[in-house]
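The values are calculated or read from the model by the stated rules, or taken from the named source; none is laboratory data. Because the structure is a prediction, the values reported are computed rather than measured. Because the Cβ atoms are built from the backbone with ideal geometry, glycine has one as well, and the counts that use them run over all protein chains shown. Quick note on the areas: whole protein, heavy atoms, side chains included, nothing else; ligands and nucleic acids left out. Shrake-Rupley method; radii C 1.70, N 1.55, O 1.52, S 1.80 Å.
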Amino acid sequence: MKGLALRVAHLFPKLMNIYGDRGNILCLQRRCEARGIGFEVEGLELGDQLKAKEYDLIFVGGAQDREQRLVAEDLVKVKSRPLEEAVKRNVAVLAVCGGFQLMGRFYRTAEGEELPGASVLDMHTIHPGAQAQRFIGNIVVEWNGTTVVGFENHGGRTFLSGNVQPLGHVVAGFGNNGEDGGEGAVYRNVFGTYLHGSLLPKNPKFADHVIEAALRRRHKDFRLSEIDDAVEHAAHAAAVRQATRRSIIR
Amino acid sequence: MIQRTAAVAAGKATAAVSRRFRLGGGTALPGLVAERIDPDVIRELSAQLSEGSVIVTGTNGKTTTARLLRGIAKEAGLRTIANRAGSNMMRGIAAALVDAAGWSGDIASAQKRLGIFEVDEATLPLVADAVRPRGVLFTNLFRDQLDRYGEVETVAAVWRAAVPGLPPEATVVLNVDDPSVAALAAVAQGRILTYGMKDTSSGEGKLEHAADARWCTVCGNELEYSAVIYGHLGHWRCPKCGNTRAEPDVFCGQFQAEVNGSRLTLKLPGGLVEASLPLTGLYNAYNALAAAAAAAALGFGRPAVQRGLNAATAGFGRQERMRVGGRDVQIMLAKNPAGLNQVLRTIAANGSNSDLAVFLNDNIADGRDVSWIWDVDFELLEGKTRSVTVSGLRAWDMALRLKYAGIDGQGASPHVEPEPARALKRALRATPEGSTLYVIPTYTAMLEVRDQLARWAGRGAFWEAE
C-alpha cells in the first residue's frame, strides 16, 4: 500500500517503560514494515499536548508506583480531553499494565489514596493493601477463538462496568481481579490488558488485530497480509505450555 | 552456648550429608538448619571474627567485587570467610559461618579473620543487624527480577530505611555515579567513603534504553548527564534543584581495555594504584574500583590492593574460561538488562565473528518474568555473529528477541535447542577449533551448563563422533 503509515503516539516512553514495553513498539514497527506500511512513532512526555487527530494508535505501558503518580496527574490535567476525543474518533488505544489501570476512572493505592484516571474506560482499580497477594505469573487468556499469552504482575484489582467488556477469559493465571475470570478490557477501539512479556511480539494475531483496528479508521475494511511468523508461533506455543504446566503445579 | 553448639553441629552434619549424597554444594541448607536451632547463630559466630565483617550489596557485581576484595584481604595478610556466590540470603551467610566453625561451636581460628559477605539487596537489613559490619559497600541498583522485588524503588526504599540503623562504627561505601546509591549519603550516620569513575572515555555517551534511576532523588526532576558510563551510572546533576554527583574519594582515573583484561589507574586516599586486571569489560573495572574503595575503608594498604587486583581470577560463571575440545569457552552470566548489555559490549569489542550460546530460564532465581530481554540491546551484536544457539526453558522467547535484533548466525534463524546439553554440543560443533564460544546463561542455566562444561573440560571433541 503506497503512502500508508501507522502513526503512533507513545505516551510517557521514559516514565512508563518498565516491563519490556519497548518490545511492543518494536513489534508494531516490524509488522508494519514487513507489509510495506510506514511507521511513525512520537513520544509524548509530561506536559506534552496530545493531538487526537494526528494518530492512529496511542500506546501506554507500565511503570513503578512513583512514576505512575506523576503520569496520573498529567493524564487528567493535560491528556484526558484529547484522549476522550481520540476514542470517539475510533483511534486505537493499547494500554498495558500500569497504563491500563490509568485508563479507568480511578486507582485506589495500597494506602487508600485515590488517583483519578483518564476515564477512557468505565472501570476502576483497587489495591487491597500491601499485605494482599500480588498477582504474579505467566498467564494465558482465551481471546477471539485463540489465545494471548504473557506475564502479569499487579497488586491492583480491576473491575469493569458499563459498556466495557473483558478482552478475554483467563485460562491460566489471575486476570483483572482474580475473581470473575476476565482479563483486560475492550471498549470501541480501546484495548487494555495486564499482559506484558513483551505482549505483542509473541502474540502476532493480537498485534495484527490492533494494527488493523488502528488503520481501519482511515482505510475501511483494511486487512493485513500474512507474514512469516514461525518463530512467533513457536514462542507463543512454548509460553502457553509453560503457563499451563506451572498453573497445574500451583 | 549449648544451643549454638547444637546448631553448628546440625549444620555441619547437614553439609556432610549433602556433600556425601551430592545433593548440591551445601551452600544454603546447613545454614537454614543451624538458624532453626539457634536463630542467633550468625550474630554469635560473626562476633568472633577478629577483623569483623564487611557486606557487599547491589544489583550487579556483588560476587565479583566480593571475590576481588577477598583477594586484596588475603594480600593484606588476613584470612577470610565468605558466602558462596548466589547464596546471599541469611541462610547462605549462616552456612559459611557454620562451615568455618569447629564441632565445638566456635570459629576454629578467629584471629586475623575477616568476614566478606555478598548480600541480596532486600536481605541487607537482616544481615546487617546480625553481623554488625565494619563496612557496607553499595554498588548499584538496576532493574532486576521485578517479579520478586516488585520494583526498583522498593529496594531503594529498603536501603534508605536500613542505612540509618547501621552500626555507628560501620563505614558506608557508596558509588556516587549511581544517583540512588549516592542518595544514601544523606541518611548515613557514620563515616562515608565514596567512589566513582572519573575516566568516562569508554562510556556510552547516552543513556541506554534500560536506564532506571534517571530521576532526581530529591525533587523528582529528570537528571542531566554530562557523561554516561553504563546504564544510569555516570556524571549526573539535577538541573532543577542542584542535587549533583559529589566528587568521589576513590576513583578510577584511567581505564584502558585490553584483550584479556584492562589496565586501571586508581586514586586511593594514600595515592595511586596502577593495576592490571585480568578481567575484561568496563563493568569489571567498576567491580575492581568498588573493591578498592572497600579495601580503603577497611584500611588495607595500596600494595595489597594492587596485588589483589592483579591476581584476580574469574568467579563462578562470571567470565569463567574453560578449554573444551579445542575451543575456548567463556561463561558470561546474564541476570538483568544492564549486566547483559555490558556482556554484549564486551563480546562485540572482541571481534565480529562471534559464536554464541544463549540460555534463558525462568525459574525463581532467574526471575520468572522474561520481559527483561526486550530491554537488552542485542542489536549491539547485529552482523557480528557466526553461529547462534538458543536454549533453556524460554528458548523460544530468546529466539524471537534475537530475530528482532537481526542476530541470526549467517542469515538463518537462531538455532533453537531447548535441551541444554544438546544445545552445548551443537554450539561447540558450530565453533571452529581454536575459537571462543561465548556461553551466556541466566542464573539457574549457568549452574547447569557450567557443570556440564566442567565435566567435558580437557576432553577431546567427543561430540564430533556423535
Completion exercise
Amide H proximity to B:ASP177 below 5 Å, modelled H, separation 5+ or other chain, gives B:MET197
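At a 1.4 Å probe radius, carbon and sulfur cover how many percent of the accessible area of the protein assembly as shown? Provide the component values of the computation, followed by the final result.
On the way: 13180 of 26860 Å².
C and S atoms contribute 49 percent here.
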Fill in the blank from the handout: Out of A:GLU152, A:GLU226, A:GLU183, a Gaussian network model of chain A with alpha-carbon springs under 10 Å gives the largest mean-square fluctuation to A:GLU226
Exercise for the section: Take chain A, connect every pair of alpha-carbon atoms lying under 10 Å apart with a spring to form a Gaussian network, then pick out the residue of A:ASP208, A:ASP228, A:ASP180 with the largest mean-square fluctuation. Expected result: A:ASP228
Exercise for the section: With the Cα gyration tensor of region A:161-250 in hand, give its eigenvalues times 5 under a square root as the equivalent ellipsoid semi-axes, listed largest first in whole angstrom. Expected result: 25, 21, 8
Handout entry: Cα lying deepest toward the dipole's positive end in chain A, options A:ASN24, A:GLY162, A:ALA234, charges on Cβ
Key = A:ALA234
Problem - Residue-averaged beta-carbon neighbours from other chains (10 angstrom radius) around B:390-399 - result: 4
Practice task
Work out from phi, with θ = phi - 60° and the Karplus expression 6.51 cos²θ - 1.76 cosθ + 1.60, the ³J(HN,Hα) of each residue of region A:75-84, listed in order in whole Hz, and give x for Gly and Pro.
Solution key: 4, 5, 6, 9, 10, 5, 4, x, 5, 4
Practice task
Answer with one residue from A:VAL148, B:GLY317, B:ALA182: the one whose Cα lies farthest towards the positive end of the charge dipole of the protein assembly as shown, charges on Cβ with Lys, Arg +1 and Asp, Glu -1.
Solution key: B:GLY317
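I'd like to know how the protein assembly as shown sits against the 2.2 N^0.38 Å rule of thumb: what's its Cα Rg over that expected value?
Working: Rg = 26.1 Å, N = 716, 2.2 N^0.38 = 26.7 Å.
That works out to 0.98 for the protein assembly as shown.
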Problem - HN-Hα J in Hz across region A:148-153 - Karplus 6.51, -1.76, 1.60, θ = phi - 60°, x for Gly and Pro - result: 10, 10, x, 10, 10, 7
Completion exercise
Taking a probe of 1.4 Å and leaving out DNA, RNA and ligands, region A:5-249 shows per residue an accessible area in Å² of 38 Å²
Problem - Low-density loop positions, trypsin sites (Lys or Arg not before Pro), region B:167-242 - DSSP coil, at most 13 other Cβ in 10 Å - result: B:ARG191, B:LYS206
Exercise for the section: Have a look at A:GLY98, A:GLY181, A:GLY117 and tell me which one the Gaussian network model of chain A (Cα, springs below 10 Å) gives the largest fluctuation. Expected result: A:GLY181
Fill in the blank from the handout: Quick calc, chain A, dipole around Cα centre from Cβ unit charges on Lys, Arg (+) and Asp, Glu (-), nearest 20 debye, gives 360 debye
Exercise for the section: Report the extension gain between B:GLU379 and B:VAL187 in nm, rounded to one decimal, defined as 0.36 nm multiplied by the number of residues separating them, less their alpha carbon distance. Expected result: 65.1 nm
Practice task
Can you pull the one-decimal nm distance between simple spin-label points at A:ASP228 and A:VAL41, each 7 Å off the Cα toward Cβ?
Solution key: 2.3 nm
Handout entry: For q = 0.13, 0.14, 0.15 Å⁻¹, Debye-computed log10 I/I(0) when each Cα of region B:318-465 counts as one equal scatterer
Key = -0.49, -0.57, -0.66
Problem - Listed pairs A:LYS88/A:LYS220; B:LYS206/B:LYS335; A:LYS205/B:LYS425; A:LYS79/A:LYS202; B:LYS403/B:LYS425; A:LYS14/A:LYS220 exceeding 24 Å between Cα atoms - result: A:LYS205/B:LYS425; A:LYS79/A:LYS202; A:LYS14/A:LYS220
Completion exercise
For A:LEU6 the rounded accessible area (nearest 10 Å², probe 1.4 Å, non-protein molecules ignored) is 0 Å²
Problem - Cut-off 13 Å between beta-carbons: net charge of the residues surrounding A:VAL148, Lys and Arg +1, Asp and Glu -1 - result: -3
Problem - Rg [Å, one decimal], Dmax [Å, integer] - chain B, C-alpha atoms - result: 22.0, 67
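Given region B:101-205, report the % of alpha carbon pairs whose separation exceeds 17 Å. It would help to have the intermediate numbers written out before the result.
Working: 3270 of 5460 pairs.
In whole percent, the long-distance tail amounts to 60.
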Exercise for the section: Pairs of Cα atoms under 8 Å, at least six residues apart: use those to get the relative contact order of chain B, whole percent. Expected result: 12 percent
Problem - For region A:18-33, 3J(HN,Hα) per residue [Karplus equation, 6.51 cos²θ - 1.76 cosθ + 1.60, θ = phi - 60°, Hz, x = Gly/Pro] - result: 7, 9, x, 4, 4, x, 5, 5, 4, 5, 4, 4, 4, 6, 6, 5
Completion exercise
Note: probe point = Cα of A:ARG108 + 7 Å toward Cβ; backbone nitrogen < 13 Å; residues of region A:148-192 passing the test are A:156-159
Problem - Neighbouring partner chain Cβ atoms per residue of A:67-73, average, 10 Å criterion - result: 1
Exercise for the section: Before rounding to the nearest 500, sum -39500 (n - 2.57) across all DSSP H runs of length at least 4 in chain A and divide by the residue total; then give [θ] at 222 nm in deg cm²/dmol. Expected result: -8500 deg cm²/dmol
Exercise for the section: With a point put 7 Å past each Cα toward its Cβ, work out how far B:ILE37 is from B:TRP103 in nm, to one decimal. Expected result: 1.2 nm
Practice task
Determine the relative contact order of region A:5-249: mean sequence separation of Cα pairs under 8 Å and six or more apart, normalised by residue count, in whole percent.
Solution key: 19 percent
Handout entry: Neighbourhood charge, 15 Å Cβ-Cβ cut-off, centred on A:ASN90 and excluding it, Lys, Arg +1 and Asp, Glu -1
Key = +3
Problem - Burial ranking of peptide ranges A:21-28, B:51-58, A:172-179 (average Cβ count within 10 Å, highest at the top) - result: B:51-58, A:21-28, A:172-179
Handout entry: chain A: antiparallel DSSP beta bridges as a percent of all, rounded to 5
Key = 55 percent
Exercise for the section: Return one quarter of the surface area of the convex hull spanned by the alpha-carbon atoms of region B:1-66, equal to its mean projected area, in nm². Expected result: 5.7 nm²
Completion exercise
Amide H contacts under 5 Å for B:SER202, restricted to residues at least 5 apart in sequence or on another chain and with H modeled in the peptide plane, are none
Problem - Gain upon complete extension [B:ARG19, B:ARG237; 0.36 nm per residue less C-alpha separation] - result: 73.3 nm
Exercise for the section: Enumerate the lysines that B:LYS12 could reach by cross-link, defined here as Cα to Cα under 24 Å, with residues fewer than 8 away along the same chain left out. Expected result: B:LYS112
Handout entry: Theoretical ellipticity at 222 nm over chain B - DSSP helices of four or more residues, -39500 (n - 2.57) apiece, nearest 500
Key = -10500 deg cm²/dmol
Fill in the blank from the handout: Ignoring ligands and nucleic acids, B:TRP103 exposes an accessible area, probe 1.4 Å, in Å² to the nearest 10, of 150 Å²
Practice task
For B:LEU437, enumerate residues with amide H under 5 Å from its amide H, sequence gap 5+ or separate chain, H modeled in the peptide plane.
Solution key: B:ASP328, B:VAL329, B:GLN330
Problem - All-pairs alpha carbon distance profile, region A:5-249, 5 Å steps from 0, percent - result: 1, 7, 15, 20, 21, 17, 11, 6, 2, 0
Practice task
Within a 10 angstrom radius of each residue's Cβ in A:20-33, how many Cβ atoms of other chains show up on average? Whole number is fine.
Solution key: 3
